[in-house]
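Notes for the one structure printed next.
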Amino acid sequence: MATTTDERPLFIVLLGPPGAGKGTQAKRLAEALGLPHISTGDIFREHLKKQTPLGRLAQQYMDRGALVPDEVTIEMVRERLSRDDARRGAILDGFPRTLAQAEAFAAMLAERGARLIVPYIRVPEEVLVERLSGRWICRAHGHIFHEKYNPPKQPGVCDYDGSELYQREDDKPETIQHRIRVYEEETAPLIEYYRNQGVLVEIDGNRPMDEVTWALIDAVQDALNQKSTASEDA
Ligand code: AP5
């Protein structure tokens, strides 16, 4: 799917509140498009697991649902995007999350002459809380489950690699509420920012996971078709 003759790198930024399904859908899109899935939250958690200085720094912010400082996050993403597997593009999940990050990212895209599509996954707040408090994640590879909507075959065990499932420290009810507030203040302004650039595509995320995936794949294909028509017309 999603083929065009356009050889420019393709970056897809999944925008949406905590629990919208960015991680779930990013994994599926990455597979469908053959692009790497880059989640800043996962990179921070990986550093935390290894107890690197970056992991210890990030933990101070993540555990209370605050954002890691922009300079740290931007440099981490710049380094990640310089790797060979991101040469053709990537699916970004959790970045950019502030206006400063979006502007730094725009400069990275301009350097590469890359294309950008920003699906915004809309989900009502009451659904977010239920999704996050029922989420279970696999320790080995970050596969995502939900005790009601996507339960593992055996409770506490990952279907794909047999590793232990755990609940995230920041998925406690009070931290979830704080993350949603931080999203509204810091990240929601990016909806208008990207709408004004003509790259935003709205997706209703309040429906079964497979339907969201199909809607995303259609939206990406449509956006690619429009961009290739626009560049042929130019
Ligand atoms: P991060 O890991 O990015 O968390 P988040 O944005 O809060 O998003 P989540 O991972 O909680 O939710 P999601 O949208 O991916 O939902 P999921 O697919 O898992 O960030 C964590 C922290 O790291 C931040 O608070 C911050 O401290 C730091 N950080 C990260 N990036 C940063 C940045 N750029 N700048 C600064 N700091 C940064 O789905 C949720 C649940 O719902 C799952 O159980 C899933 O199975 C279920 N589900 C998914 N879709 C559906 C559906 N359609 N129907 C029913 N259930 C569903």
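The values are calculated or read from the model by the stated rules, or taken from the named source; none is laboratory data. No experiment lies behind these values; they were computed from the predicted model shown. Methodologically, a virtual Cβ is constructed for each residue, glycine included, from the backbone with ideal geometry; neighbour enumeration extends over all protein chains shown.
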Hits in segment 185-212 - residues which are within 13 Å of the ligand (Cβ to nearest atom) and touching an Asp or Glu at 6+ places or on another chain (Cβ under 9 Å): ASP204, GLU211, VAL212
Single residue of ASP218, ASP161 found to be in a helix (DSSP H, G or I) and surrounded by fewer than 18 Cβ atoms within 10 Å (Cβ to Cβ): ASP218
Scan of segment 66-91 for residues that are of a type outside the set (Val, Ile, Thr) and without any contact (Cβ under 8 Å) to a residue 40 or more places away in the chain, ordered by number: PRO69, ASP70, GLU71, GLU75, MET76, ARG78, GLU79, SER82, ARG83, ASP84
Enumeration of residues in segment 116-145 that are within 17 Å of the chain's Cα centre (by Cα) and charged (D, E, K, R): ARG122, ARG131, ARG135
Qualifying residue in segment 91-107 (condition: modelled with pLDDT of 95 or more and touching a His at 6+ places or on another chain (Cβ under 7 Å)): yes
Verdict on VAL13 being part of a loop (DSSP other than H, G, I, E, B), surrounded by 18 or more Cβ atoms within 10 Å (Cβ to Cβ) and not basic (Lys, Arg): no
Given (1) in a loop (DSSP other than H, G, I, E, B); (2) away from the ligand (no atom under 11 Å from the Cβ); (3) at pLDDT 95 or above, index of the condition PRO152 fails: (2)
Breaking point among (1) loosely packed, with under 12 Cβ neighbours inside 10 Å; (2) in contact (Cβ under 8 Å) with a residue 12 or more places away in the chain; (3) of a type in the set (S, T, N, Q), for THR40: (1)
Total residues in segment 14-54, condition more than 7 Å from the ligand (Cβ to nearest atom) and either under 21 Å from ARG87 (Cα atoms) or touching a strand residue (DSSP E or B) at 6+ places or on another chain (Cβ under 6 Å) (or both): 16
Subset of segment 122-146 [among the aliphatic types (A, V, I, L, M), within 11 Å of the ligand (Cβ to nearest atom) and in contact with an Asp or Glu (Cβ under 8 Å, 6 or more places away or on another chain)]: LEU132
